[in-house]
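Enquirer: Take a look at the following structure, please.
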Amino acid sequence: MGRLDGKVAVVTGAARGQGETEAALFAGEGAHVVLTDVLVEEGQQAADRICAAGGEALFVKLDVSSPDEWNEVVRHTVQTYERLDILVNNAGIAVRGGVESTPVEEWDRCLDINAKGVFLGMKYAIPAMLQNGSGSVINISSTSGIVGYPGGTAYHASKGAVRIMTKAAAAEYAKRGVRVNSLHPGIIRTPMTDNMAEERTAGIIDRTPMGRKGTPMEIAYGALFLASDESSFVTGAELVIDGGMTAV
Ligand code: NDP
């Protein structure tokens, strides 16, 4: 028995990093998984790997800031698997820059992908969940959605927006069976942080009591709990997985 047997999941930003790990873990627990990303070749390969391991998965190209592409992803998912139970709004970009040094275009790009992308995911996926009278949305925020540090104005703003829109949506859909929670990773070993300047990474690890980066699987297990019926009384919650970073 898998923890997600019979469920259908859409994961955004699933070509690599945390999204890919979540998609593979969910498929291993019995879900049918629709992987989506702007990286088409890598996304298709990630879906192929899941199928080769005996899971059920397919890839659909999705830029999360596009309403038309969201509409198509949800349509294709329901047409193929006849339902939609789980959405992981994982896709995101890291944008550096403080209040004065962030170009307006970068602010817009960051908010478009990290915040509007999450809003659009809920807007298009929740109606399909309501058809079954149940669903679980997991919005990937960050510790940056809880605390502020200098040099990441747009990123913090976008992740703070994810945190609070999650609570508003949780309250909106609580009586109709759709749960909405946010997940807040600390620093995690993925291509996103592999591309960061070494002294910046070292500074974040310094502020992390466990003194290391987390792994994508340590986040994926949290997402699995929120996706499964084991969390049936959990909505509007913030699941922090950060090696103690926000505890001090
Ligand atoms: P990665 O950069 O490794 O993976 C993110 C994926 O999302 C990439 O494949 C990326 O493609 C894709 N993507 C970017 N823009 C879009 C878009 N418009 N539409 C669809 N897909 C897109 O990052 P992580 O796995 O580390 O991050 C996953 C989530 O976790 C993000 O929301 C991130 O902000 C959050 N997070 C990450 C932390 C970390 O330390 N890694 C810490 C806290 C939160 P491309 O290469 O083209 O950008």
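Enquirer: What residue among Val74, Val147, Val95 has the largest mean-square fluctuation in a Gaussian network model of the chain, using Cα springs under 10 Å?
Expert: In the Gaussian network model the winner is Val147.
Enquirer: Over what distance in Å are the Cα centres of region 14-34 and region 66-105 separated?
Expert: Cα centroid of region 14-34 versus Cα centroid of region 66-105: 16 Å apart.
Enquirer: Does anything in region 218-247 have its amide N under 20 Å from the 7 Å Cα→Cβ label point of Asp194, and if so which residues?
Expert: 218-221
Enquirer: For Ala168 and Cys51, FRET efficiency with R0 = 35 Å and r from the beta-carbon atoms, rounded to 0.05?
Expert: 0.40
Enquirer: What is the local net charge at Ile140, summed over the other residues whose Cβ is closer than 10 Å to its Cβ (Lys, Arg +1; Asp, Glu -1)?
Expert: My count for the surroundings of Ile140 gives 0.
Enquirer: A follow-up question, please. Once both axes come from the Cα atoms, what is the angle between helix 40-52 and the longest principal axis of the chain, in degrees from 0 to 90, rounded to 10?
Expert: Relative to the chain, helix 40-52 is tipped by roughly 50 degrees.
Enquirer: Tell me the angle of helix 153-173 to the major Cα principal axis of the chain, expressed in degrees between 0 and 90 and rounded to the nearest ten.
Expert: The angle comes out near 40 degrees.
Enquirer: Right, something else. List, largest first, the extents of the alpha carbons of region 1-138 along their principal axes, each in whole Å.
Expert: Rounded to whole Å, the extents work out to 53, 31, 23 Å.
Enquirer: Name the residue farthest towards the positive end of the dipole of the chain from the options Gly214, Gly97, Thr235, assuming +1 on Cβ of Lys and Arg, -1 on Cβ of Asp and Glu, about the Cα centre.
Expert: Selected residue: Thr235.
Enquirer: Sticking with this one: Would you mind computing, in nm to one decimal, how far apart the modelled labels at Thr201 and Thr215 are, each placed 7 Å from Cα along Cα→Cβ?
Expert: 1.7
Enquirer: Which ordering of Thr166, Thr153 is given by a fewest-first count of other beta-carbon atoms within 10 Å?
Expert: In increasing order of surrounding Cβ atoms, one gets Thr153, Thr166.
Enquirer: Say each of Glu230 and Gln131 gets a label point 7 Å from the Cα, pointing the same way as Cα to Cβ; how far apart are those two points in nm?
Expert: 2.9
Enquirer: Any idea how far the Cα center of region 132-182 sits from the one of region 234-248, in Å?
Expert: 12
Read-outs throughout are calculated quantities, based only on the coordinates presented, and are distinct from any laboratory measurement. Keep in mind it's a predicted model, so treat the numbers as computed, not measured. Note that we place each Cβ from the backbone using ideal geometry, even for glycine, and neighbour counts take in every protein chain shown.
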